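Let me begin by presenting the structure, written as structure tokens, before commenting on it.
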Amino acid sequence: DDDTWLAEADKVHEASQSLSSYSGAALLPPPNAERLKRALRQLCTGIQTLHESGRIHRDLKPSNVLVTEAGRVVILDFGLAKETGSESVTGGGISGTPAFMAPEQALEKEPRPASDWYAVGTMLYQALLGRVPFDGSIFEILVRKQNEVPPAPAEVNPLVDAELSELCMALLAKDPEARPAGSEILK
């Protein structure tokens, strides 16, 4: 009804005013939560299967995840994928896309499944708010990931699905040990 819509619009306006220093832009309407959850489940199932096969993607980002018109999720570009624990996983500098890579990847620590889950958290953040958690130069992004925690999507936009916001923030934990594992995510 009109009263409910107006109350929700007031919440968005209030959040927009209080967080304008964070975003610098107007809030977007949140995505369809059920559709996003279906796509996210497929993505997480694919990543969990990859991890169970002993591999890590290392460059998950929107351009490497295709969603067909029928809603089928396909993971692409395994050019940086490596076997878990292989000596070739580390060395040779930073590998991945800075906006989506986990803090430990920027420090050239051995990536592990938790590194891929951080990238999923970044993609989820972008899906919920229309922007990544950290922006700036490559250096600024990598430093901020080591030192800052972005505001939760539901704090920025109170209309965002609370469950998705909570999962997003768990995936964006700076400490890889604090991130949920694939089996936990799929529950």
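Of note:
- Taking a Cβ cut-off of under 12 Å around Thr97, the surrounding Lys, Arg, Asp and Glu residues balance to a net charge of 0, with basic ones at +1 and acidic ones at -1.
- Summing Lys and Arg as +1 and Asp and Glu as -1 over all other residues whose Cβ lies under 14 Å from the Cβ of Gly71 gives a net charge of +3.
- Sequence-distant residues sharing a close amide H with Val65 (under 5 Å, placed H): Leu76
- Full extension of the chain between Leu28 and Leu107 gives 25.1 nm of extra length, using 0.36 nm per residue less the Cα-Cα distance.
- Lys109 - accessible surface, heavy atoms, 1.4 Å probe, Å² rounded to 10: 120
- When the pairs Lys82/Lys174; Lys61/Lys82; Lys37/Lys82; Lys145/Lys187; Lys37/Lys174; Lys82/Lys187 are compared against a 18 Å limit on Cα-Cα distance, Lys82/Lys174; Lys37/Lys82; Lys145/Lys187; Lys37/Lys174; Lys82/Lys187 fall above it.
- Unit Cα scatterers, Debye sum, region 34-187: log10 I(q)/I(0) for q = 0.08, 0.15, 0.20, 0.21 Å⁻¹: -0.20, -0.74, -1.36, -1.50
- Rounded accessible area of Glu163 (nearest 10 Å², 1.4 Å probe): 120
- Surrounding net charge for Leu60, when Lys and Arg each add one and Asp and Glu each subtract one, Cβ distance under 11 Å: -1
- Exposure rank, largest accessible area first [Val120, Val74; 1.4 Å]: Val74, Val120
- Per-residue SASA entry for Ile141, accessible area with 1.4 Å probe, Å² rounded to 10: 10
- Linear extension gain, Thr68 paired with Ser53, 0.36 nm per residue minus alpha-carbon span: 2.9 nm
The values are calculated or read from the model by the stated rules, or taken from the named source; none is laboratory data. The structure displayed is predicted, hence computed values, not measured ones. Neighbour counts are summed over all protein chains in view; Cβ atoms, including those assigned to glycine, are modelled from backbone coordinates with ideal geometry. Ligands, DNA and RNA are stripped out before the accessible areas are found, and what is left, the full protein with its side chains, is counted by its heavy atoms. Shrake-Rupley method; radii C 1.70, N 1.55, O 1.52, S 1.80 Å.
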